[in-house]
Amino acid sequence: MVLASSQAQSGTRKLSKEEREKLRRLEQERRQREAEEARIREEEEAAARREREAVEAARRAEERREQQRQRSLQLTATAAVTKHLDMTMELTRDRIKEEEEWERMMRCDGVPDPTSVPEMNRYLSLWRADPVSATLHGCLARTDQVIHVISELEGVMEDTRDATEKQRRDWREIWLELQEAQKDKLDQATYHQLLDLRPYLDHETMVYSFFTSSPLVSLALWSNTTRSPKNNWHEVKELGFTFTLPADLVELECVVRVMRTEYDHYSKFARTFTSPNVPEKETSLLDETMEGTDAPPTDDHPSPKECCRDPSHSQIRSSLLPTTGAPPTVIKKQRPPHFTETAPGELNLRRYRIQGGVYTIDLLEVPPQPRVMADCTITQVEEVCTVTRIPWVAQYNPPAAPEAAGQRRRDPEAVEQEMRQLEKELQKLLLITIKLPDSAFWFEPPQMVLWDEEKRCWSNEYFHDVKYNEDQCVMQVRTTRLGVMGLAMNRFANLPFQSWELKPQGGNAVSLTLIAAVVVAEFTITEGHVCLANLQDGARTALSHLYGKPMKPNTLIKTLQFYGINLFPDRDSYCYIDGLPSKHRPTEQHLYRCMALVAPAVHFAWSRWNLLAGQNKLVFQMKTKKLAADESQVGQPLVLVTPQQTCVLECTEISQSFSNKEEDSSKYYADLYQLVLGELSEEVRQTLLAASPAFIHTVHHMLKSASVISYC
């Protein structure tokens, strides 16, 4: 550098070769020295970074161990509380059962104890032998009691925790015999009514027409005694039912019976009535902690619902790429394990429900009629006093399906001829028009089905030319067969929910509001009972006669389902509903227990963030008396529940985006119950301790039945 400076000053002298070489060596040494210094600094920084990372890893490991220890302690504490409540509820159930047995004894109304096999057998034998119950008046008068006995027996069969295998077999046998006896009694009563057609015979048209009804059974009988072609149809105004006979039935000497029962004794025998028996390990969060499985499946693992979805674009694209020496991969749509497969024409009762009762439409032989002589009446007495059915199947030949559009231009005359041929074939079928019963809500057009006794299922393959008038709620179909028919309704017209809310009402009472796709339902939950407080179907109030009527949870659920309102999904319902936020099941089930424990003092509501949060993230709003008094709070605070912990989030329901950031990361809570105990005042603690076990159990039952986290 000095030589270069001197040269610059002189402006004329050039550096020699040795001088330039010396400068080059000096520059190279400088660079090597700087590189070595940089390497040493990098090694020192890397060593320091590794040391910091090791310290941080040790700290995080210690935090995980501490959290795991706290998690185990907290979940054990919560489990002790729930176990104590469960034991108390067992004693409460025994007490309630004893009280119900005592009340049944004191009523002395002839209704047997459904748990007593001898009493049930005695009741069945006496009923079968009773001649009065074989008459139409006696049969209809006894039907209410018989259906009540069958319903009570079904309740006993559902709760078989302490029953022996022999008791289960005996109960089922009696249950089957009661239903068969009820059908036989109705057939006998119909037979006795037909023994003399004269009292209900129109002497001008010579048409026999009879109708009677009770709360559970409606019976209409009709016969064209002269077999006149003019009398080929009949309207049962009381049932909103009209039928038009084809030509071959008009000429047949018979009686048409139209019977509607409010109960359904057929669906329970269908293969699809119960959900598939899929073995699954129902582990609790405490079980997972004790087993060391504190890292549940991540959001990357497919949920059961995801197994139902179509293949991804990448899968479809890869399947279309050319391959060498191998056929293209065929991607099939996978079904979740709970999905029920059905045969062609078979109604899947996991997706549908027979609504509005059951219709029996059949043809009966006319019993021997009395003959009036000069001074006496001669009546032929038959050995078997029951109806005889006349089988009928229409000789229907549906026309071939037309060719696909665009293949050839069809001749208008040929089209018209096909239409005439189709109309001619349809005239061979029995035409039925039904006004949908007012005893149920119809949120969408139902489908007509026939009970197939051989296949033991409801089938929709015997109906043609189906028409539906939505304004008048009238369905018109043509059928090739007669028998037991029903109206099948989609069970999930009101699912998933749009929102939900669980709000304390003071003391042992909370309100549960479910805003469904069509209806809005509000329930009041108390100790052991639930009341329907309000039900809105659009702009109108519905089922007001049930308001304020306390029922057991299962009874209320079945009552609403009877009216066509299904707000409580089954275990396999997710298979038939799209767009559900399927959640980690043990975490969700544990959350419902915790929500029930703190429900007397905490207000819960749905969150819009829950839908897309992922399988292992359960998000909802929480509000307490403490938080309600905080005027600085903007928006409802959100609670995030995962299989590992529960925390209050920094973001709220009205935040622009969702964030997992905790409001206070210095505290750890394993579940919602521990969070509430740790954050709320002593006053709230006392409110929780004052709640009765029966009340907590009822709240838990309703939350678990509604599955508000997974279905909203």
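Read the figures in this text as sums done on the coordinates, not as results from a lab. Quantities reported herein were computed from a predicted structural model and do not represent experimental measurements. Neighbour counts are summed over all protein chains in view; Cβ atoms, including those assigned to glycine, are modelled from backbone coordinates with ideal geometry.
Couple of notes before you dig in:
- Distance from region 574-616 to region 172-211 (C-alpha centre basis), Å: 52 Å
- Length gained when the stretch Ser666-Gln476 is fully extended (0.36 nm per residue, less Cα-Cα span): 61.7 nm
- Among Leu450, Gln505, His584 the positive-end extreme of the charge dipole of the chain (Cβ point charges): His584
- Considering only Ser657, Phe243, Ile525, and ranking their Cα positions along the charge dipole of the chain that arises from unit charges at the beta-carbon of Lys, Arg, Asp and Glu, the one farthest toward the positive end is Ser657.
- Distance between the C-alpha centres of region 662-690 and region 99-159: 51 Å, rounded to the whole angstrom.
- Each peptide in 386-399, 580-593 was scored by the mean count of other Cβ atoms within 10 Å over its residues; highest first, the order is 580-593, 386-399.
- Contact order relative to length of the chain, as percent, for alpha carbon pairs under 8 angstrom and 6 or more apart: 12 percent
- FRET efficiency, 1/(1 + (r/R0)^6) with R0 41 Å, evaluated for Val250 and Thr555 via beta carbons: 0.30
- Axial C-alpha extent at least 30 Å, average Kyte-Doolittle at least -0.5 - helices from the chain (DSSP): 136-158
- For Gln395, the shell of other residues with beta-carbons less than 11 Å away shows a net charge of -1, using +1 for Lys and Arg and -1 for Asp and Glu.
- Simple label model, 7 Å out from Cα along Cβ direction - Val81 to Lys455, nm: 5.3 nm
- Listed residue pairs exceeding 27 Å between alpha carbons, taken from Lys268/Lys617; Lys185/Lys549; Lys435/Lys549; Lys268/Lys583; Lys503/Lys704: Lys268/Lys617; Lys185/Lys549; Lys435/Lys549; Lys268/Lys583
- A cut-off under 13 angstrom between Cβ atoms defines the neighbours of Gln369, and their net charge, with Lys, Arg +1 and Asp, Glu -1, is -2.
- Pairwise label distance in nanometres, Ile40 with Val393, each label 7 Å out on the Cα-Cβ vector: 10.1 nm
- Between the residues Ile390, Ser151, Leu85, the greatest Cα displacement towards the positive end of the dipole of the chain, with unit charges on the Cβ of Lys, Arg, Asp and Glu, is found for Leu85.
- Using all pairs of distinct alpha-carbon atoms, the Kirkwood hydrodynamic radius of the chain works out to 32.0 angstrom.
- In percent, rounded to a whole number, the relative contact order of region 475-559 is 17, using alpha-carbon pairs under 8 Å and six or more apart.
- Here the peptides 671-679, 232-240 are ranked by packing, the mean other Cβ count within 10 Å, and the order with the highest first is 671-679, 232-240.
- In this label model, Val366 and Val278 are separated by 5.7 nm, measuring between points 7 Å along each Cα→Cβ vector.
- Calculated [θ] (222 nm, deg cm²/dmol) that DSSP helices of n ≥ 4 give over the chain, each run adding -39,500 (n - 2.57): -12000 deg cm²/dmol
- At R0 = 51 Å, FRET efficiency that the Cβ-Cβ distance of His148 and Leu611 yields, to 0.05: 0.75
- Placing +1 on the Cβ of every Lys and Arg and -1 on the Cβ of every Asp and Glu, with nothing else charged, gives the chain a dipole about its Cα centre of roughly 2360 debye.
- Averaging the Cα positions of each part gives two centres, and for region 48-92 and region 353-403 these lie 71 Å apart.
- Only Cα pairs under 8 Å and 6+ residues apart enter the sum, and on that basis the relative contact order of region 487-639 stands at 19 percent.
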